[in-house]
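Take a look at the structure below.
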Number of protein chains: 2
Amino acid sequence: MKLINRTHTCGELTAKNEGEMVKLCGWINSHRDLGSLVFFDLRDRWGITQVTLDENDGEVFEKAKSLRNWDVVSVDGIVQKRPENMVNKGMTTGEIEVKATDVKLLNKTEALPINIDENAKVSEELRLKYRYLDLRRYPLQNKLILRHKVALAVRNYLNEKGFVEVETPMLTKSTPEGARDYVVPSRIHTGKFYALPQSPQLFKQLLMISGFDRYFQIVKCFRDEDLRADRQPEFTQIDMEMSFVEEEDVFSVVEGMMKEICKVAGFEIETPFKRMTYKEAMEKYGSDKPDIRFGMELNEISDIVCGAGFKVFDSVKENNGVIKAILVKGGAEYSRKNIKDFEDIAKSYGAKGLAWFKWTNEGFNSPILKFIGEERAEKLFEKLNGEKGDIVFIVADTFETACTSLGALRVKIAKERNLIPENTLSFVWITYFPMFEWDEEEKRYVAMHHPFTSPKREHLDLLDKDPSKVMARAYDLALNGFEIGGGSIRTHNMEIQKKVFKAIGLSDKEAEEKFGFFLQALKLGAPPHGGIAFGLDRIVMILANGESIRDVIAFPKTTSATCLMTESPSSIDKRQLEELKIKITEEKE
Amino acid sequence: MKLINRTHTCGELTAKNEGEMVKLCGWINSHRDLGSLVFFDLRDRWGITQVTLDENDGEVFEKAKSLRNWDVVSVDGIVQKRPENMVNKGMTTGEIEVKATDVKLLNKTEALPINIDENAKVSEELRLKYRYLDLRRYPLQNKLILRHKVALAVRNYLNEKGFVEVETPMLTKSTPEGARDYVVPSRIHTGKFYALPQSPQLFKQLLMISGFDRYFQIVKCFRDEDLRADRQPEFTQIDMEMSFVEEEDVFSVVEGMMKEICKVAGFEIETPFKRMTYKEAMEKYGSDKPDIRFGMELNEISDIVCGAGFKVFDSVKENNGVIKAILVKGGAEYSRKNIKDFEDIAKSYGAKGLAWFKWTNEGFNSPILKFIGEERAEKLFEKLNGEKGDIVFIVADTFETACTSLGALRVKIAKERNLIPENTLSFVWITYFPMFEWDEEEKRYVAMHHPFTSPKREHLDLLDKDPSKVMARAYDLALNGFEIGGGSIRTHNMEIQKKVFKAIGLSDKEAEEKFGFFLQALKLGAPPHGGIAFGLDRIVMILANGESIRDVIAFPKTTSATCLMTESPSSIDKRQLEELKIKITEEKE
């Protein structure tokens, strides 16, 4: 790397450079004044180089004495080997130090308002307020550098595969059928609003109709939702669409892409990925984004526990519910208190209760043992491959509630008991989703993915007759228990698209009003096509072992609002409000 | 490229594939039914392959007969060499055709509402309305593919050079001192607004303070300005910033980047680029973004034409104005009408008139020859290297007006007379800009680039005394008469930054209110830094020989509003307005 001011970065000098005259720039760290000696670390993005001066260095020595941590300086000096006992084998530059011949103060630094040493305990809120200081910490910097590398790897891979990155508009029209949009008042079209895109869905489909064949974009999308730790109002998607493809083509391109992404983060992964239907994922893992790095699968046990006369179980079964169980190895040690906590978790997912069976030295133990009986208890442990010392947790409820509550418990317990292998990436495709789900509030079907998803060919007839039975050509990709992407083969036939709109309760007139231009486009040469979109933030978070989405975003928004003044919403002046023809109805909260 | 459905694209089969069974997908073009034979071109992004069937093909033949242009089909067939007299050497696939064994209609296409044949004359407005159809034309597709390749080349080059692409927020705070922002009402912070960024200027400077050292981003930026042919409300910048650098480092990185960009478009360019001060550019070319692909430079001629007793010239000179001239080879042929048109152009730039001297077979000719005299006329042509048959145009006015009006005329005439070499890229750095310019309306100095630009070191003293004399460490890059980028070495010293704010009329209190967080950041370890930002749209437009910025944007906005329903602003529902606590003061225009 050619740098006019610097000869090297602070991370590259080794014993090979011994005797060279060098010039480095960076920030002072670990400044130590030992009277007749001054040591400091010079630090930049690439690493740390130790600099030394002694009292024979005259004026420069005095200058170096007066420096403070985080001052910005340039250092001219000679590379020399460190004394044997001072060698630090843990770092690239650990064999050498720079004996300074000149030190220039480039900018004086005041005492930092927060401590940004690696081990300092500083509140998250303060760290976010001074994000630009917190970003000096290497772990955070490295996460953002990983993000950069991942994005670049994606681009190069997709380019190789014939994809074209096309930028779609940011000032667009509100998408009906989506989450809440951020809106942007238009100055020219009085009283009307642009919307910031939740995804470039329709644009990428139009690009297929244009014949681009293979499109991608790494693009900011927006959702005006309340902030959560794992959700930002602006997020970045890896968005893709391909023509003349079926599911297998999409899977194959994506698996190759994930290989490249993981390589950047130092992981070798195997392809093809495992696949699982939505139903199987729910049945076995109680989640549509199962973490398959560990077992502890859910089992249906009504064949064992029903018919013993225990009414709770029997009546669930009679009402088409299910009775699901998981086995925790060594879980017989759990106290009543532990179990109560687990029950609270199950209840937070809607379960009415959490039954359990322990197998202790004294035999089986359960509040409902008297109803179920020893024999059935034994069969239960047999079915779940349990042994003495284990515990079985049971939820009897609707399919949805029993699975999701026990699925949540499964993950919680696995984390607590360290059952999840570290440094493992487990990808799994989830397929065969229902096309629609019933929206109790709106009293209509809504699209489970989105209405542009194609129904399964063999279910087209059911669109009119029984939407609830229609399965979709949709797929999600899950990684370590997170949904990292989702997509589908789309509808390219105008008549089918119309039927889907009808199934979600749009009259022909409404469909025409909302999507007329798109229905027309489908008649003008739409190829079969499909695609997928990934959350870049989340993928990087998982790869970087981050704790929150915020770890992989340079300037995240926080629950308290924003991390920097540059990001806060603020008042705008009167003249601008007048131009926009809008009025604030409530000046203060 | 692996494609499950296709064996090949429509652009790759050659005589080498003779005898192979292939499967292609695409759109029907040039469908010709010759009774016992059917020919059609199958078309996709990669090219065109001719498909043939004859009456012996039975059912498939009948199906092929019924197809229409732009139907979407897949074709199975055998590659065969075309008869000698049918070979088309102008295209990759011109030696072969595919004898179809099966044709499947994938989607039926209705008659297109616009003719998108390469030579069809269709109004720009209709083309934009059906942009997704217009995008099927190869010239437009290729411009967007070039754009993709340019962006990728930039990313790979900058990555090589140690730059990290960091995404900065889209929902940010309004930038004081900028153009008009698009605003986004916040739902959580009642009555307040986010702004969409005009540039990530402060974020990238913060990233330097964070120690990222070399940042870049290809990023959407926004300006709520009225639409013009060469301006879109959302545009894409190549944004860069570097630490511990001076002008030379920025120039060197950028020149390397431009080499890569131009290579992608098939141009070899020379570096380093020419350099010119702002003053020199104005003096010689009458523009701060001079087109130096051709000569016809401006000359100061007051030494020749003043003192002859012609009051117009003499008084301009006395009032510190200038008298500038350009010579047009062969321009003596211009009619009165021609000259009148040129005068109108000069006047539109503020000139009070346009004087001229012809050298014809009858000698010198000019309405002011009687004032200036033959001798001075001769000297004039001598100075400008003129000869018989040429014309000299003269504007006497203030420096600014004389230069810009004659500069505009220079470009206009060069275009008309085909003096501009084609397929030439002439880059030129413009340097040494004034730091401030006087804003007559606001009665204060404003920053010519922006207030974060560093003043020249040797002019720091003038900040308090005479801002008008302060020169800036700013630079622009011009290409073929367009400004494609601009940047500067920034101020990293808090005291100097404060003085600059003062010079543009901000009190200490106002500076603190608007930029307090940034002034603080400058005290907490800001390295010397500088950067630049380029307009990607414009660069690609020039490289692709496009006529308008719209040619390199997939879904541009147009003066009549927007090109697609997906992009139009629209009404939002009452509930959302209530949540946003805003009211539209004027429902209809």
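Using a cutoff of 8 angstrom between alpha carbon atoms and counting only pairs six or more residues apart, the relative contact order for chain B works out to 13 percent. Residue by residue along A:510-523, Cβ atoms of other protein chains within 10 Å of the local Cβ number 2 on average.
Multiplying the residue separation of residue A:495 and residue A:230 by 0.36 nm and subtracting their alpha-carbon distance yields 91.5 nm. Under a 5 Å amide H cut-off, with hydrogens placed 1.01 Å from N, residue B:50 pairs with B:42, B:98 among residues at least 5 apart or on other chains.
Counting every other Cβ atom within 10 Å of each residue's Cβ, B:275, B:457, A:187, A:550 order from fewest to most as B:457, B:275, A:187, A:550.
Distances between placed amide hydrogens fall under 5 Å for residue B:490 paired with B:454, B:529, B:530, B:531, all partners being 5 or more residues away or on another chain. Amide H contacts of residue B:471: B:435, B:456, each under 5 Å away and 5 or more positions distant or on a separate chain (H built 1.01 Å from N in the peptide plane; Pro and chain starts excluded).
Please list, or write none, the aspartates and glutamates whose alpha carbon is within less than 18 Å of the alpha carbon of residue B:337, excluding same-chain residues fewer than 8 places away. Partners within reach: B:390, B:416. Computed from point charges on the beta carbon alone (+1 for Lys and Arg, -1 for Asp and Glu), the dipole magnitude for segment A:15-107 about its Cα centre is near 360 Debye. Mean per-residue shielding of peptide B:204-210 is 5, counting Cβ atoms of other chains within 10 Å of each Cβ.
Here segment A:188-225 is scanned for amide nitrogen atoms under 19 Å from the site 7 Å beyond the Cα of residue B:5 along Cα-to-Cβ, giving A:202-216. Exceedance of the 29 Å cut-off in Cα-Cα distance is limited, within the set A:23/B:279; A:279/A:379; B:311/B:415; A:220/A:502; B:259/B:347; A:259/A:383, to A:23/B:279; B:311/B:415; A:220/A:502; B:259/B:347; A:259/A:383.
Quick one: if the Förster radius is 25 Å, what FRET efficiency do residue A:512 and residue B:111 give, using the C-beta to C-beta distance and rounding to 0.05? That gives a FRET efficiency of 0.80. The mean number of Cβ atoms from other chains found within 10 Å of a Cβ in peptide B:190-199 is 6, as a whole number. With contributions of -39500 (n - 2.57) from each DSSP H run of at least four residues, the per-residue ellipticity at 222 nm computed over chain B stands at -9000 deg cm²/dmol. 3J(HN,Hα) along segment A:115-120, derived from phi through the Karplus expression 6.51 cos²θ - 1.76 cosθ + 1.60 where θ = phi - 60°, amounts to 7, 10, 4, 3, 9, 5 Hz, with x in place of Gly and Pro. Full extension of the chain segment joining residue A:347 with residue A:55 gains 98.1 nm, where the gain is 0.36 nm per residue of separation less the Cα-Cα distance.
Projecting the Cα atoms of B:253, B:186, B:210 onto the dipole axis of segment B:143-255, where Lys and Arg carry +1 and Asp and Glu carry -1 at the beta carbon, places B:186 farthest toward the positive end. Phi angles across segment B:387-399 convert, under the Karplus curve 6.51 cos²θ - 1.76 cosθ + 1.60 with θ = phi - 60°, into 3J(HN,Hα) values of 9, 4, x, 9, 10, 10, 9, 10, 10, 10, 6, 5, 3 Hz, Gly and Pro given as x. Taking every C-alpha pair closer than 8 Å and separated by at least 6 residues, the mean separation divided by the residue count of segment A:167-251 gives a relative contact order of 26 percent.
Here the calculated FRET efficiency for residue A:91 and residue A:65, from their Cβ-Cβ distance with R0 = 25 Å, stands at 0.50, rounded to the nearest 0.05. For segment B:261-290, the residues whose amide N sits under 17 Å from a probe point set 7 Å from the Cα of residue B:420 along the beta carbon direction are B:285-290.
By DSSP, the beta bridges lying fully in the protein assembly as shown are antiparallel in about 90 percent of cases. With the charge dipole of segment B:109-232 set up from +1 on Lys and Arg Cβ and -1 on Asp and Glu Cβ about the Cα centre, the Cα lying farthest toward the positive end among the listed residues B:145, B:132, B:156 is that of B:156. This model, with +1 at the C-beta of Lys and Arg and -1 at the C-beta of Asp and Glu, gives the protein assembly as shown a dipole about its Cα centre of some 600 debye.
The magnitude of the dipole of chain A, with charges of +1 and -1 set on the Cβ of Lys/Arg and Asp/Glu and taken from the Cα centre, is near 480 debye. Among B:441, A:513, B:20, a tally of other beta-carbon atoms within 10 Å of each Cβ gives an order, fewest to most, of B:441, A:513, B:20. The string of couplings for segment A:496-512 from the Karplus curve (6.51, -1.76, 1.60, θ = phi - 60°) is 5, 4, 4, 5, 5, 4, 4, 4, 8, x, 8, 6, 4, 5, 4, 4, 5 Hz, one whole number per residue in order, with x for Gly and Pro.
Stretched out straight at 0.36 nm per residue, the stretch from residue A:446 to residue A:465 would grow longer than its current Cα-Cα span by 5.3 nm. Which of the pairs A:263/B:173; A:149/A:192; A:289/A:465 have their Cα atoms more than 32 Å apart in this structure? Table pairs above 32 Å Cα-Cα are A:263/B:173; A:149/A:192.
Rule-based calculations on the coordinates, nothing more; no lab input. What you see is a predicted model; the values in this text were computed from it and never measured. FYI the Cβ positions are ideal-geometry reconstructions off the backbone, even for glycines, and counts take in every protein chain you see.
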